[in-house]
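Contents: one structure, followed by commentary.
Since every read-out is calculated from the coordinates, none of them should be taken as a lab result. If you're wondering where the values come from, they're calculated on a predicted model, not measured in any experiment. All Cβ positions, even for glycine, are placed from backbone atoms using ideal geometry, and neighbour counts span all protein chains on display.
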Amino acid sequence: MFGLWRRDNGKGVVDALHHRIVEQSREPALYEAGGLPDTVEGRFESLDLHVLLVLRRLRALPVPADEVAQELVDRVFAHFDISLRELGVGDSGVSRRIKKLASAFYNRMRRYDPLLDAGESTALAAEIAAHLDIEPGRVTPLARYALASEGTLAACNLDAILSAPGFARVTSPEGEEVGP
């Protein structure tokens, strides 16, 4: 893995990781059983949460995990830039909107971090719901999924994260596993 990282500075590996995170954040079960609204805001929330979960694990791993984390964040914001341009935002508006997205992204990281540390699904659901202006009970399955994913990722080393990040399965409010 380390030889691969040096050859292309890890960009291809991080692009693949980013792609898998985006796919997981768009998993239909997150929007059905997980309670997320299938809107631009809901997708942003899901992506933020998934990236945060991976970044939290990368922070706990040895070098070169810190480089992977930085490349991942850079890739996320490059993706935001591309998405805005595809939506028709002009050059002059992209940088302003990227700044707003960055502020929202890092704000969520600051708010979710202690809730994930505490393993507080109720408080995490309330925080997610506040950003989406919905009832917290609606996203309780998503909060439980995030905490389960945190546990699954904790067992992953850097190679495992780069090959397939370890997210949990979504469970319905009745406790049945659904989705990926």
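Just to be sure I understand the rule: take each whole DSSP H helix in the chain, project its Cα atoms onto its long axis, keep it if the span is 24 Å or more and its mean Kyte-Doolittle hydropathy is at least -1.0. Which ones pass?
Both cut-offs are met by 40-59, 65-86, 91-118.
Can you tell me the relative contact order of segment 2-170? Whole percent, Cα pairs under 8 Å, sequence separation 6 or more.
30 percent
Counting only other residues whose beta carbon sits under 15 Å from that of Leu124, what net charge do I get with K and R as +1, D and E as -1?
Every neighbour counted, the sum reads -2.
Say R0 is 22 Å: what FRET efficiency, to the nearest 0.05, do Ala60 and Arg169 get from their beta-carbon distance?
0.45
Just add up the charged neighbours of Arg96: K/R +1, D/E -1, any other residue whose Cβ is under 15 Å from the Cβ of Arg96.
+2
Specify whether the C-alpha gyration tensor of segment 2-105 places it in the rounded, prolate or oblate class, a ≥ b ≥ c being the square roots of the eigenvalues: rounded for a/c under 1.5, otherwise prolate if a/b is larger than b/c and oblate if not.
It is oblate, given that a/c is not under 1.5 and a/b is not larger than b/c.
Between Arg111 and Glu86, what is the spin-label point distance in nm, taking each point 7 Å from the Cα along the Cα→C-beta axis?
2.6 nm
Where the only charges are on Cβ atoms (+1 Lys, Arg; -1 Asp, Glu), what is the dipole of the chain about its Cα centre, to the nearest 20 debye?
560 debye
Return the whole-Å distance between the Cα centroid of segment 48-67 and the Cα centroid of segment 115-167.
14 Å
Starting from the 7 Å offset along Cα-to-Cβ, what nm value, one decimal, do you get for the label separation of Ala160 and Thr39?
3.7 nm
Taking 0.36 nm per intervening residue step and subtracting the Cα-Cα distance, what contour gain separates Arg96 from Glu32 on full extension?
19.8 nm
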